[in-house]
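Chemist: For reference, the structure I am asking about is given below.
The values are calculated or read from the model by the stated rules, or taken from the named source; none is laboratory data. Keep in mind that what you see is a predicted model, and the values were worked out from it rather than measured. All Cβ positions, glycine included, derive from the backbone under ideal geometry; neighbour counts span all protein chains shown. Heads up: the accessible areas ignore ligands, DNA and RNA and are worked out on the full protein's heavy atoms, side chains in. Shrake-Rupley method; radii C 1.70, N 1.55, O 1.52, S 1.80 Å.
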Amino acid sequence: MNDSWGNIARLSKNEIRDLQNGKLRKFISEQVYPFSPHYRQLFDSHKIRPGQIRSIEDLSHIPFTSKLDFIGATPASDKFVDFILQPDKEKIQKAWPLFRKLQLAFLSLARGADYTKNKISSEYRPIFTTFTTGTTNRPVPFAYSDYDIRNLYLSGARMIRSFGMEDNERGVNLFPFAPHLAFWQVVFGGFSSGVLILSTGGGKVMNSEGTVAALLKMKPSVIIGVPSYVYHVLRLAAERGVKMDFAKKVVLGAARLSEPFKFKIRTVLESMGATDVSVFGTYGFTEARSAWVECPAPPGISSGYHLYPDKEIFEVVDPETGEVKKEGEDGEIVYTSIDARGSVVIRYRTGDFVKGGITWEPCPYCKLTVPRISSDITRLSDVRDLKLSKIKGTLVNLSHLTSVLTDFPEISEWQVEIKKKDNDPFEVDELVVYVAANHGVKTPELSDAIKRKISAATEVTPNEVVFFNLPEMIKRLELETSSKEKRIIDARPKV
Ligand SMILES: [Zn+2]
């Protein structure tokens, strides 16, 4: 499909901003305000007239939307339905400008009333959903109409083009089969790009031995999936002593990704004969029903995620004050849709924190002029349950702990358990790190290094580092048996 990058990806910043302002105005006054029960109520209660929102700067008049807005006191009172655009004849008559109503009337005359009715109905009627992956919060469904499926095709096509997959290349998609965005974004991306992608469904559907066999059969140049699972499968293949010289690109998503981890992926593939391997990160979230990708850059460098300014507006705000940050400044990522149907969010606070913010400098690698968001993102979904945990009386940011252990070159797999000494609720906390080390690593030295690095990053020193062999660690992590790995276990009694 024509991914229409060509129409926007060479425009200047001012031209893109003009395009976004025009789309935003139209979207708010012709779609969001008239058809979204949630936003109509929000605008009315804050005395915001839709006509007031004329440019990106005006967005700051609109209160933020957060995850809590989707959730009611009980599952039965959940409010996600209020975010779905729900037009009817009367609302359309009231909200749409004269020329659009004339267009509609003309179509009705020419093709019959049923034709326009069906056309409107298929533009808005939900036909597909994905769910948020919250573990503490209730999962929230996000609806797609046919219109949104086309957008999903489009973002998929843009992603596949960004990382340079050609028609004659094959891919294997290892994302878990679930009503989650990552799996389906890849499936739809493959359809719209006309490339062959095998979607295995991940370890729970096709176990990892089967996945290795599928890789060897398909010989894909592109391997796509969750970082920890892709690493697990590649390592398993490496242990079998097989060749994977066909692999050229690895695309990772749905979890935090660092340059040291990309290096680990490249190293294991090179051990199987692959050369010039590029590893790409992606960023996406259910509420946007879209994902964004890095483009090819030299090893060790991230191009940032290339955004779709014709589909959305990104803001970076101060997490405390909500004030909008300038280009390149750190802050929380806020998302606004400007071209969607189904479930629509405006000024949605992702809870994800980006270092380096957004840049409008043309990309030095692929030359596109679209805005790019820094890939140094701490994702809420990574740390939702365990963002800050008090361990031994110290407030520990568990995402720092995760970074230290994931990026450690000598560590093959790891798990952390926080528990009470002797399982006595009145006793002190203990932090235990379980590790499967790479072959040939001296464990006493590694144990000391782990303690030192964790202590430097979190101000808490692990009580113990316990070593397991890899198969045991994989069992402990439930990498093969569960769709969500058991990376950090808080075994302390809940108080
Ligand atoms: Zn680029």
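Chemist: In degrees between 0 and 90, to the nearest 10, how far off the longest principal axis of the chain does helix 13-27 point, with axes built from Cα atoms?
Modeler: Here the helix axis deviates by roughly 60 degrees.
Chemist: Using 7 Å Cα-to-Cβ label points, what is the residue 99/residue 267 separation (nm, one decimal)?
Modeler: With each label point 7 Å from Cα toward Cβ, the separation is 6.0 nm.
Chemist: Residue separation times 0.36 nm, minus the C-alpha to C-alpha distance between residue 400 and residue 482: what's the value?
Modeler: Details: separation 82, 0.36 × 82 = 29.52 nm, distance 2.42 nm.
In short, 27.1 nm is gained.
Chemist: Where the Cα atoms of the stretch 220-290 are projected onto their three principal axes, how long is each span, largest first, in whole Å?
Modeler: 41, 21, 18
Chemist: I would also like to ask the following. What FRET efficiency do you get for residue 117 and residue 138 if R0 is 35 Å and r is their Cβ-Cβ distance, rounded to the nearest 0.05?
Modeler: Working: r = 35 Å, r/R0 = 0.99.
That gives a FRET efficiency of 0.50.
Chemist: Continuing with the same structure: Once you compute Rg and the Kirkwood Rh from C-alpha atoms, what is the Rg to Rh ratio for the chain? Walk me through the numbers on the way to the answer.
Modeler: Working: Rg = 24.1 Å, Rh = 24.3 Å.
Ratio of gyration radius to Kirkwood radius: 0.99.
Chemist: Which aspartates and glutamates have a Cα less than 17 Å from the Cα of residue 262, not counting those fewer than 8 places away in the same chain?
Modeler: 270, 276, 294, 376, 407, 410, 413
Chemist: Return the FRET efficiency for the residue pair residue 320, residue 47: r is the Cβ-Cβ distance, R0 is 22 Å, and the value is rounded to the nearest 0.05.
Modeler: On the way: r = 25 Å, r/R0 = 1.16.
Between residue 320 and residue 47 the formula returns 0.30.
Chemist: Can you work out the PRE-style zone for residue 91? Point 7 Å along Cα to Cβ, and I want the residues of the stretch 101-128 with backbone N under 15 Å.
Modeler: Within reach of a label on residue 91, which here means backbone N under 15 Å from a point 7 Å along Cα→Cβ, the stretch 101-128 contributes 120-126.
Chemist: Still on this model: Considering every Cα-Cα pair within the stretch 162-224, what fraction, in whole percent, is farther apart than 18 Å?
Modeler: On the way: 607 of 1953 pairs.
It works out to 31 percent of all Cα pairs.
Chemist: From the square roots a ≥ b ≥ c of the eigenvalues of the alpha-carbon gyration tensor of the stretch 396-458, which class results: rounded (a/c under 1.5), prolate (a/b over b/c), or oblate?
Modeler: Working: a/c = 2.25, a/b = 1.66, b/c = 1.36.
In terms of gyration-tensor shape, prolate.
Chemist: Continuing with this model, one more query. For the stretch 407-495, which trypsin sites (Lys or Arg not before Pro) are both in a DSSP coil and crowded by at most 15 other Cβ atoms within 10 Å?
Modeler: Values: sites: 419, 420, 421, 442, 451, 452, 453, 475, 476, 484, 486, 487, 494; in loops: 442, 484, 486, 487, 494.
In loop regions of the stretch 407-495 (DSSP not H, G, I, E or B), the sparsely surrounded trypsin sites (Lys or Arg not before Pro) are 442, 484, 486, 494.
Chemist: So what is the relative contact order for the chain, in percent, with contacts set as C-alpha pairs under 8 Å and at least six apart?
Modeler: Values: 953 pairs, mean separation 62.6, N = 495.
Computed value for the chain: 13 percent relative contact order.
Chemist: Please say if the stretch 47-169 is rounded, prolate or oblate, where rounded means a/c under 1.5 for a ≥ b ≥ c the square roots of the C-alpha gyration tensor eigenvalues, and otherwise the choice is prolate for a/b larger than b/c and oblate otherwise?
Modeler: Oblate, because a/c is 1.5 or more while a/b does not exceed b/c.
Chemist: Which of rounded, prolate or oblate describes the stretch 302-343 when judged by the alpha-carbon gyration tensor and an a/c cut-off of 1.5?
Modeler: On the way: a/c = 2.68, a/b = 1.36, b/c = 1.97.
It comes out oblate by the Cα gyration axes.
Chemist: R0 = 35 Å: FRET efficiency of residue 146 with residue 14, Cβ-based, nearest 0.05? Write down the numbers at each step before the final one.
Modeler: Working: r = 33 Å, r/R0 = 0.95.
Rounded to the nearest 0.05, the efficiency is 0.60.
Chemist: In the structure shown, do any of 219/248; 26/311; 117/311; 392/484; 248/486 have a Cα-Cα gap over 18 Å, and if so which? Don't skip to the end; give the middle numbers.
Modeler: On the way: 219/248 10 Å; 26/311 13 Å; 117/311 26 Å; 392/484 27 Å; 248/486 30 Å.
Listed pairs above 18 Å: 117/311; 392/484; 248/486.
Chemist: Here's something else I'd like to know. Keeping all protein chains in place and using 1.4 angstrom, which order do 33, 147 fall into by accessible surface area, from largest down? Before the final figure, lay out the partial values.
Modeler: Values: 33 40, 147 65 Å².
Solvent-accessible surface, decreasing: 147, 33.
Chemist: In nm, to one decimal, how far is the residue 424 label point from the residue 491 one, both placed 7 Å along Cα→Cβ?
Modeler: In this crude spin-label approximation the distance works out to 1.7 nm.
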